[in-house]
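The values are calculated or read from the model by the stated rules, or taken from the named source; none is laboratory data. A quick note: this is a predicted structure, and the numbers were derived from the prediction, not measured. Using ideal geometry, Cβ is built from the backbone for each residue, glycine included, and neighbour counts are taken over all protein chains shown.
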Amino acid sequence: MLVGLHKGNMTRTIEAPIPEELLRLVDEKARSAGLEREAYIRAVLSKDVTSGPSISEILAPFRDQVLSSGLSNDELDCLFSVAREESYHERNRPKNR
């Protein structure tokens, strides 16, 4: 591991074996983002470790519950439609003064 200065911050250089196909995909993404490979990898790594969980990660427990419940897609759609309708009526019912 090499240590050097980068824009006033101490940085480290990490070497890791990367398969050719993955490196090709990284290069394509970097080009489409208008970045050099190094800048793209740094941005992706930074975003991954500093951001909160993705929507997919947040919904994973819910997906697992739905799968284990045995509900079909149609039953799940119906369940959400009923809940949405109840919520709408609850929020829009006349208030007593």
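If you go through the stretch 17-67 and keep only what is at pLDDT 95 or above and of a type in the set (S, T, N, Q), you end up with just Ser32.
A single entry from Phe80, Phe62 fulfils the requirement of being part of a helix (DSSP H, G or I), of a type in the set (Phe, Trp, Tyr) and within 21 Å of the chain's Cα centre (by Cα): Phe62. With respect to Ile14, determine if the residue is in contact (Cβ under 8 Å) with a residue 12 or more places away in the chain, aliphatic (A, V, I, L, M) and surrounded by fewer than 10 Cβ atoms within 10 Å (Cβ to Cβ). Yes.
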